[in-house]
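Asker: I have a structure here, written as structure tokens, and I will follow up with some questions on it.
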Amino acid sequence: MSALNKIAQTLVSNRRGILAADESIGTMSARLEGVGVEPSAESRRVYRELIVTTPKLAESISGVILADETFYQKLDNGRTFPEYLQDIGILAGIKVDTGAKPLAGSPDEKITEGLDGLRERVADYVRLGATFAKWRAVITIGDDMPSERAVHANAHALARYAGLCQEGGLVPIVEPEVLMDGSHSLATCREVTTSVLKTVFAELELMKVELDGIVLKPNMVVAGTGSGEQPSVEDVATATVESLREAVPSSVPGISFLSGGQDPEVATHHLGAMQKLDPLPWELTYSFGRALVGPALEAWRGDENNRAAGQEALSVRAVANAAAR
Ligand code: 5MM
């Protein structure tokens, strides 16, 4: 077993999943303001400390994806976030993309940036305790979208990122997210998701990325939020697994889903229903952001007296997702 494969297996096995706590400064600040907290480097640090010090977190969480700002911050006990995570048996990950920007020639579509200087940044992150990384590509469904150039450009960037991470010793989480926004049907989401994943794997192979040393982080196949369609939990699970079977090689150790704005409990039900669709060649787990921490943020609302309630809300979701596996 290679070192990369071992890390990937640790991230996706033993009924555990990944917690995405890597909101960029802008996103995290907006989420804090949404619950009445003044955004600052310190309030973001306090909130992230609440999340990672949740009791028994390591029983259901294998890895936490950190943002660059958090990666260099310290907990009250003086440990950096990566050091603390290591202390409690959770792998530390780092979001290395620098965000999705408008794509030249297709202003309604996005291309994720962050390749410049990535080799050097990976070396720094490894030295400071990271074992895996994340890069998120965003694909929009709409009139004439996604365009071939948006899919290809994003798949190419994901593959170059993945290659650089593996070269430097980090397991890359490869995240091509087909957004839920739009009036498209479940069938369209399935078609687009399958095609995007096929393009991503073609680029990964071209860049000689070792597939047994990555984790794929895709969207579940759902109907667009404005479609008026409400597929059943079983329909979503079946469409998602069928799409993955068409596009994802069995050498990939695990697939950890993003939640994409789904209701937290619904996302858990979808994950649970997929486990029943045997045989699955890969581990299927969670790498949720909002579906894990959303209820915690709401319960906490920046009040130290609500700290335990916030941690309890995260614990409930983490345990439910582990049980769904
Ligand atoms: C946690 O949010 C991540 C970073 O987002 P921004 O860079 O836009 O601030 C995000 O990539 C997240 O990991 C994925 O979208 C999955 O999170 P959800 O909430 O969709 O499960």
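The values are calculated or read from the model by the stated rules, or taken from the named source; none is laboratory data. Nothing here was measured: the structure is a model prediction, and the numbers come from that model. For neighbour counting, all protein chains shown are included, and Cβ atoms are generated from backbone atoms with ideal geometry for every residue, glycine included. Keep in mind that these areas ignore ligands, DNA and RNA; they rest on the heavy atoms of the full protein, side chains included. Shrake-Rupley method; radii C 1.70, N 1.55, O 1.52, S 1.80 Å.
Asker: Give me a count of the residues in the stretch 227-253 that are surrounded by 20 or more Cβ atoms within 10 Å (Cβ to Cβ) and away from the ligand (no atom under 16 Å from the Cβ).
Answerer: Counting residues in the stretch 227-253 that are surrounded by 20 or more Cβ atoms within 10 Å (Cβ to Cβ) and away from the ligand (no atom under 16 Å from the Cβ) gives 8.
Asker: Which members of the stretch 97-117 meet the condition of being of a type in the set (G, A, S) and either open to solvent by 30 Å² or more (accessible area, probe 1.4 Å) or under 23 Å from M28 (Cα atoms) (or both)? Lay out the reasoning, then the answer.
Answerer: Of the residues in the stretch 97-117, the ones of a type in the set (G, A, S) are 99-100, 104-106, 114, 117.
Across the stretch 97-117, the qualifying residues are G99, A100, A104, G105, G114, G117.
Asker: Looking at the stretch 9-29 only, could you name the residues that are out of contact with any Asp or Glu (no Cβ under 7 Å at 6 or more places or on another chain), within 23 Å of D212 (Cβ to Cβ) and hydrophobic (A, V, I, L, M, F, W, C)?
Answerer: L11, I18, A20 - these are the residues of the stretch 9-29 that are out of contact with any Asp or Glu (no Cβ under 7 Å at 6 or more places or on another chain), within 23 Å of D212 (Cβ to Cβ) and hydrophobic (A, V, I, L, M, F, W, C).
Asker: Please determine whether any residue of the stretch 212-234 is farther than 26 Å from G294 by Cα and polar (S, T, N, Q). Break it down stepwise before answering.
Answerer: Initial filter on the stretch 212-234 (farther than 26 Å from G294 by Cα): 212-214.
From what's left, polar (S, T, N, Q): none.
The answer is no, given that none of the residues of the stretch 212-234 is farther than 26 Å from G294 by Cα and polar (S, T, N, Q).
Asker: Could I ask something else about it? Please note which helices (runs of 4 or more DSSP H) are completely contained in the stretch 213-305 and include at least 3 residues that are β-branched (V, I, T).
Answerer: Qualifying helices (runs of 4 or more DSSP H): 233-247.
Asker: Say whether the condition of being within 14 Å of the chain's Cα centre (by Cα) and open to solvent by less than 10 Å² (accessible area, probe 1.4 Å) is met by at least one residue in the stretch 260-273. So that I can check it myself, show each step before the final result.
Answerer: Initial filter on the stretch 260-273 (within 14 Å of the chain's Cα centre (by Cα)): 260-262, 267.
Narrowing the set further to residues that are open to solvent by less than 10 Å² (accessible area, probe 1.4 Å) leaves 267.
Within the stretch 260-273 (the criterion being within 14 Å of the chain's Cα centre (by Cα) and open to solvent by less than 10 Å² (accessible area, probe 1.4 Å)), the answer is yes, since at least one residue qualifies.
Asker: Can you report the number of residues in the stretch 118-141 which are open to solvent by less than 40 Å² (accessible area, probe 1.4 Å) and either among the acidic types (D, E) or more than 14 Å from the chain's Cα centre (by Cα) (or both)?
Answerer: First, the residues of the stretch 118-141 that are open to solvent by less than 40 Å² (accessible area, probe 1.4 Å): 118, 122, 125, 129-135, 137-141.
Going one step further and asking which of them are either among the acidic types (D, E) or more than 14 Å from the chain's Cα centre (by Cα) (or both), we end up with 118, 122, 125, 129-131, 139-141.
Total meeting the criteria: 9.
Asker: Hey, does the stretch 289-303 have a residue that's open to solvent by 60 Å² or more (accessible area, probe 1.4 Å) and either of a type in the set (A, V, I, L, M, F, W, C) or modelled with pLDDT under 95 (or both)?
Answerer: Scanning the stretch 289-303, I find no residue that is open to solvent by 60 Å² or more (accessible area, probe 1.4 Å) and either of a type in the set (A, V, I, L, M, F, W, C) or modelled with pLDDT under 95 (or both), so the answer is no.
Asker: So, T188, is that one more than 23 Å from E23 (Cα to Cα) and either assigned to a loop (DSSP other than H, G, I, E, B) or in contact with a Ser or Thr (Cβ under 8 Å, 6 or more places away or on another chain) (or both) or not?
Answerer: So T188 does not fit the description; no.
Asker: Okay, next question. Out of all the residues in the stretch 97-140, which are among the aromatic types (F, W, Y) and either closer than 15 Å to I7 by Cβ or outside any strand (DSSP E or B) (or both)?
Answerer: Correct list: Y125, F132.
Asker: Then there's this: So which residues in the stretch 272-318 are in contact (Cβ under 8 Å) with a residue 24 or more places away in the chain, hydrophobic (A, V, I, L, M, F, W, C), within 16 Å of the ligand (Cβ to nearest atom) and under 23 Å from T27 (Cβ atoms), if there are any at all?
Answerer: F288, A291, L292, V293, A296, L297, L314, A318
Asker: Looking at the stretch 256-270, can you tell me whether even one residue there is more than 21 Å from V64 (Cα to Cα), among the aliphatic types (A, V, I, L, M) and within 16 Å of the ligand (Cβ to nearest atom)?
Answerer: For the stretch 256-270, residues more than 21 Å from V64 (Cα to Cα), among the aliphatic types (A, V, I, L, M) and within 16 Å of the ligand (Cβ to nearest atom): present.
Asker: Next question, about the same structure. How do the pairs read when you match residues in the stretch 23-47 that are more than 20 Å from Q311 (Cα to Cα) and within 12 Å of the ligand (Cβ to nearest atom) with residues anywhere that are assigned to a loop (DSSP other than H, G, I, E, B) and of a type in the set (S, T, N, Q), using Cβ under 9 Å and keeping only pairs 6 or more apart or on different chains?
Answerer: S24/T98
Asker: Ok, one more. Step by step: first the residues of the stretch 95-112, then only those that are without any contact (Cβ under 8 Å) to a residue 40 or more places away in the chain and closer than 13 Å to L158 by Cα, then the one that is nearest to the ligand (Cβ to nearest atom). Which residue is that?
Answerer: Filtering first and then ranking leaves A100.
Asker: Given (1) modelled with pLDDT under 95; (2) in contact with a strand residue (DSSP E or B) (Cβ under 9 Å, 6 or more places away or on another chain), where does A92 come up short, assuming only one miss?
Answerer: Against the list (1) modelled with pLDDT under 95; (2) in contact with a strand residue (DSSP E or B) (Cβ under 9 Å, 6 or more places away or on another chain), A92 comes up short only on (1).
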